[in-house]
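A.B. asks: Okay, handing you the structure first.
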Amino acid sequence: MEIGIDSFASAMYGSDNLSSVDVMHQLLERIVRADQAGLDFFGVGEHHREGFLDSAPEVILAAAAAKTKRILLGSAVKVLSTDDPVRVYQSFATLDLISRGRAELVVGRGSSIEAYPLFGFDLKDYDALFAEKLELLLQVRDNEFTTWSGKFRPAMDNQPVYPRALQQKMPVWLGVGGTPESFVRAGSLGLPLMVAVIGGETERFRPLVDLYREAGRIAGFAAEDLKVGLHSPGYVAHSSEQAIADYYPGYAKLWTKLGKDRGWPPVTRSSFDALIAPKGVLALGGPEEVVEKLLRHSKALGGIDRFAFQMDNAGLSHQQLLQATELIGTKVIPLLKQALQPINNETA
C-alpha cells in the first residue's frame, strides 16, 4: 500500500497571521519533508476560491519537483471539466520532465463548482464536459499525433502535442465521490480509482468499489490493473490522546464553517467520535492506531493500493504538520509494511 499526503494549499491552517507567501513556502517545505521521510506521493488539489492557494497545482508541483528526489507528485484532483485537456497534458508532461518521471494526474469533475462560471462553462454540462475531456486527455497521453472531434472543443486533425512526458504512459487516476456512474466509468477505462471519503464509514463505499472492479473485469482488464486509492482526512501524533487534542478544535471550527456552504450540520464531539471510531473514516491517532485504521479501510473496500492523508484542514500548525509527516514516514509506513507482510506472503 502506498502512503502519501494530499493538500489543498489551504490558507486556513495554523496562525491567522500567515501570509500567502508563508503558506506557499511552508507547503513546499512539507513536500520536501515528505520526500525525505519516505512517503510515496504528494498531491495538490485545485480550487478557485478564498482560503485556498491551489488554483495552479502544476506550478506548485513543479517547484516541489525541483526540491525533491524520489516522491511521486500529482494532482488531487485536477478539475478537468473546466480546463483544456491538451494544456493539462502539456503541463503535467513538463512536470514529468522536471521531476524525471515522477508526475501523475488525478482528474475529476470537481466537488467545488466555482471553476465552472469562472471559466465560462455551464453546470448543466457537468458530466458531459468531463466525459469528453477525459477521452481527449487519454488520447493525447497515448499518442503523439491526435485526431479527435467533440462538442466542447475544436477538433484536432492529426495534430502533434509536445512536450511528451518522460513516462511512456503517465499515470491518470480518476477521482470520484459517490456517483455509481463514475466508478463504472473508471473501471470500463481501466483507470486507477481514487475515492474521496470525507465522512461517515468507509465500508459504505464497498458496493461502489465492487461496481468499479466488475466494470473493469467486463472490459477485459486484469485485477492487478484496477488499483483503488482512498483519500481521507487524518492526522498522526505520538499518541491518540495528543492527536485528538491537536486535531479536534480546528477540525470542528473549520468543517462547521465549510458545512454552512454545503448544508452539513455543525461538527459536535459525538459526531467526531463516530468518525474516529473503528469504522469511522478519520485515520487519526498514534502510529499504531492509524495503522489499524488503514488496515480496516483496506479490508472494508476489498483491498486498497494507496492511502492519501489530508491534514491541512484542521487548523494545525506548520510544525504539527511537519511532525505528522515525519511520523507517517518513520513509524506508520514501517508498521504498515510489517502488518501487511503476512498477507502479501499468503497471496504471493
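None of the figures in this text is laboratory data; all of them are computed from the coordinates on show. Here the structure is a predicted model, which means the values were calculated and not measured. Counting neighbours? That spans all protein chains shown, and the Cβs are built from the backbone with ideal geometry, glycine included.
A.B. asks: Check which residues have an amide H placed less than 5 Å from ASP6's amide H, if you skip close sequence neighbours.
C.D. replies: GLY43, PHE309, GLN310, MET311
A.B. asks: Please give, to one decimal in nm, the separation of the simple spin-label points placed at PHE145 and ASN17, each 7 Å out from Cα toward the Cβ.
C.D. replies: Label at PHE145, label at ASN17, 6.2 nm between them.
A.B. asks: Also, I was wondering about something else. Can you work out the Karplus-derived ³J(HN,Hα) for every residue in region 226-233? Use 6.51 cos²θ - 1.76 cosθ + 1.60 with θ = phi - 60°, whole Hz, and x for glycine or proline.
C.D. replies: The phi angles translate into 9, 7, 10, x, 10, 9, 7, x Hz.
A.B. asks: Please work out how much length the chain gains when fully extended from GLN341 to GLU224, using 0.36 nm per residue of separation minus the C-alpha to C-alpha distance, in nm with one decimal.
C.D. replies: Working: separation 117, 0.36 × 117 = 42.12 nm, distance 1.79 nm.
Extra length available between GLN341 and GLU224 comes to 40.3 nm.
A.B. asks: While we're looking at this one, here's another question. Put a dot 7 Å past each Cα toward the Cβ at ALA245 and LYS257; how far apart are the dots in nm?
C.D. replies: Result for the modelled spin labels: 2.4 nm.
A.B. asks: Between region 229-265 and region 176-210, what's the alpha-carbon centroid distance in Å?
C.D. replies: Region 229-265 and region 176-210 have Cα centres separated by 22 Å.
A.B. asks: What is the gain in length, in nm to one decimal, between ARG206 and HIS238 on full extension, counting 0.36 nm per residue of separation less the C-alpha to C-alpha distance?
C.D. replies: 8.4 nm
A.B. asks: Moving on to the next point. In angstroms, what radius of gyration and Dmax does the chain have, counting Cα atoms only?
C.D. replies: Cα-based Rg and Dmax for the chain come out at 19.5, 61 Å.
A.B. asks: Once fully extended, how much extra length lies between GLU50 and SER111, figured as 0.36 nm per residue of separation less the alpha-carbon to alpha-carbon distance? Before the final figure, lay out each step's value.
C.D. replies: On the way: separation 61, 0.36 × 61 = 21.96 nm, distance 1.55 nm.
Difference between extended and current length: 20.4 nm.
A.B. asks: Run lengths n ≥ 4 of DSSP H only: what is the helix-derived mean residue ellipticity at 222 nm for the chain, with -39500 (n - 2.57) per run over all residues, to the nearest 500?
C.D. replies: Working: 12 runs with 155 residues, N = 348.
Mean residue ellipticity at 222 nm (helix-derived): -14000 deg cm²/dmol.
A.B. asks: For the chain, what's the relative contact order in percent, using C-alpha pairs closer than 8 Å and at least 6 residues apart?
C.D. replies: On the way: 655 pairs, mean separation 67.6, N = 348.
Relative contact order for the chain comes out at 19 percent.
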